[in-house]
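The values are calculated or read from the model by the stated rules, or taken from the named source; none is laboratory data. Computed from a prediction, not measured in an experiment: that's the story for all the values here. Because the Cβ atoms are built from the backbone with ideal geometry, glycine has one as well, and the counts that use them run over all protein chains shown. Ligands, DNA and RNA are stripped out before the accessible areas are found, and what is left, the full protein with its side chains, is counted by its heavy atoms. Shrake-Rupley method; radii C 1.70, N 1.55, O 1.52, S 1.80 Å.
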Amino acid sequence: QCGQRGVRSLVVITSGLDAAFCADLLAVCRRHGMRLVGPSCFGVAVPGIGLNATFGASRPGPGAVGLMSQSGGVGVALAGQLSRLGIGISSFVSVGDKLDVSGNDMLMWWEHDDVTRLAVLYLESFGNPRKFARTARRVGARMPVLTVSAGHSAADQALFEQAGVIATGSFGELTETIALLATQPVPAGRTVAVVSNVGGAGALAAGACTDRGLTGHRPRGLPRRRLRALLPGGTVTGPVDTTAAVSAGDFRRCLDLLAADDEVDAMIALVLPTGATGDLIQAIQDADVRVPLAAVALGQAESVRLIQRPADDTRIPVYGYPEAAAAALARAAGYEAWRTEPHGHVPSFPDVRAADARTLVTEFLHGEPGGWLP
């Protein structure tokens with residue numbers, strides 16, 4: 001009936017449909033030129049135009065993150081989390097059994113919608129892995145594409161890596177990485193400066209960076225001399241320990257000095273408010289830092305939150321733990337390394353007898369001795 005009335009797209013939330021019913025449903029959609037989302041899905045939402053065709057308890061806020069999920073519950077939870085953070089979403093699609101509309105379709109949509117700046121996929125299966133790899137690689141050259149790798153096979157992990165997809169190990173890590181990529185530029189390299197008013201926590205942050213393949217920055221030359229003059233009782237060889245009694249003004253000046261160092265690709269500013277300090281979070285907000293910056297506030301209740309810079313319209317992610325900040329920066333740096341490396345090309349040779357080669361390989365795989373290598 002929808003098709004006869006000229007409906008162009010259909011969202012089917014019904015679950016438990018058998019294979020025969022699904023085949024009939026898809027056939028009707030194709031006969032009438034309708035696109036199908038579902039069945040067994042949570043619906044779709046485009047907050048920027050006021051569309052919320054889901055049965056979630058709350059409305060997602062508008063933003064620049066495209067979100068597709070096979071699990072409706074996971075997708076709605078993530079949309080809610082991004083909305084609470086103030087990041088929001090450009091469009092949300094719960095594809096369910098994805099008889100028609102899939103992750104590939106959504107990647108192609110976000111590639112050209114002029115709104116989405118970050119693509120997030122929660123995938124439980126691949127309908128066409130080869131097409132996914134091609135599409136994700138092309139879209140990933142323009143914007144970060146993220147997913148959760150938990151529960152996927154080693155082959156899936158390799159697929160994500162080759163396609164440039166940022167695969168996180170958990171729902172929490174996914175949110176923490178989105179918070180960085182949605183608010184900060186990607187690092188140009190892997191050298192990270194750590195500044196902290198808690199020496200032990202600064203060492204933990206530096207260690208977490210090393211564990212993730214990042215390089216801890218060690219100030220030298222003029223920057224080190226300026227830091228030494230500013231922090232006569234601190235450690236300036238990296239990670240920088242300002243001591244617990246640092247003033248908010250001096251902490252901000254430390255950030256300014258390190259951000260101006262050409263050797264620094266990114267920064268972690270780690271603070272624990274004490275009775276001897278001023279507002280160190282405000283100092284981070286006021287600092288003139290143009291490289292990617294992740295803050296850590298020990299003792300905060302949230303795993304990650306965003307703070308506004310008063311000088312402009314940008315925001316800074318603040319993590320509850322140094323390891324989370326290091327992991328997010330490492331994924332961002334890895335994405336930039338993938339995006340900027342020469343991808344090469346596949347050569348074409350006119351004298352290759354592809355059909356004969358395919359026959360030889362097929363005969364070997366089915367012959368004796370033969371088969372696949374272990």
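General remarks:
- The set of residues in region 219-236 being surrounded by fewer than 15 Cβ atoms within 10 Å (Cβ to Cβ) and modelled with pLDDT of 95 or more consists of Arg220, Gly221, Leu222, Arg225, Arg228, Ala229.
- When the residues of region 187-217 are filtered to those that are among the charged types (D, E, K, R) and out of contact with any strand residue (DSSP E or B) (no Cβ under 9 Å at 6 or more places or on another chain), the one that is surrounded by the most Cβ atoms within 10 Å (Cβ to Cβ) is Arg212.
- Some residue of region 111-122 being crowded, with 23+ Cβ neighbours inside 10 Å, of a type in the set (S, T, N, Q) and over 12 Å from Pro60 (Cβ atoms): yes
- Test: residue in region 199-216 that is under 19 Å from Glu336 (Cα atoms) and in contact with a Ser or Thr (Cβ under 7 Å, 6 or more places away or on another chain): yes
- Residues in region 327-368 that are farther than 19 Å from Gly140 by Cα and either hydroxyl-bearing (Ser, Thr, Tyr) or in contact with a Phe, Trp or Tyr (Cβ under 6 Å, 6 or more places away or on another chain) (or both): Ser348, Thr359, Thr362.
- For Ala244, the conditions (1) at pLDDT 95 or above; (2) within 15 Å of Ala269 (Cα to Cα) are fulfilled apart from (1).
- Listed by position, the strands (runs of 3 or more DSSP E) inside region 1-109 whose residues that are under 19 Å from the mean Cα position of the chain (by Cα) number at least 1 are 62-69, 89-94.
- Any hit, region 184-195, residues being on the phi < 0 side of the Ramachandran plot and in a helix (DSSP H, G or I): no
- Per the listing Val304, Val296, the residue uniquely in contact with a strand residue (DSSP E or B) (Cβ under 8 Å, 6 or more places away or on another chain) and within 23 Å of His217 (Cα to Cα) is Val296.
- Residue within region 91-104 that is of a type in the set (Ser, Thr, Tyr) and either touching a helix residue (DSSP H, G or I) at 6+ places or on another chain (Cβ under 7 Å) or over 28 Å from Cys29 (Cα atoms) (or both) present: yes
- Restricting region 165-186 to residues that are modelled with pLDDT of 95 or more and farther than 13 Å from Ala327 by Cβ, the residue that is most open to solvent (accessible area, probe 1.4 Å) is Pro185.
- Among the residues listed as Gly127, Gly151, the single one being of a type outside the set (Asp, Glu), assigned to a loop (DSSP other than H, G, I, E, B), more than 19 Å from the chain's Cα centre (by Cα) and surrounded by fewer than 19 Cβ atoms within 10 Å (Cβ to Cβ): Gly127
Yes/no matrix, rows are residues, columns are (1) open to solvent by 50 Å² or more (accessible area, probe 1.4 Å); (2) among the acidic types (Asp, Glu); (3) under 21 Å from Ile87 (Cα atoms):
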residue: Ala23; (1), (2), (3): yes, no, no
residue: Cys29; (1), (2), (3): no, no, no
residue: Met34; (1), (2), (3): no, no, no
residue: Gly43; (1), (2), (3): no, no, yes
residue: Pro47; (1), (2), (3): no, no, yes
residue: Gly66; (1), (2), (3): no, no, yes
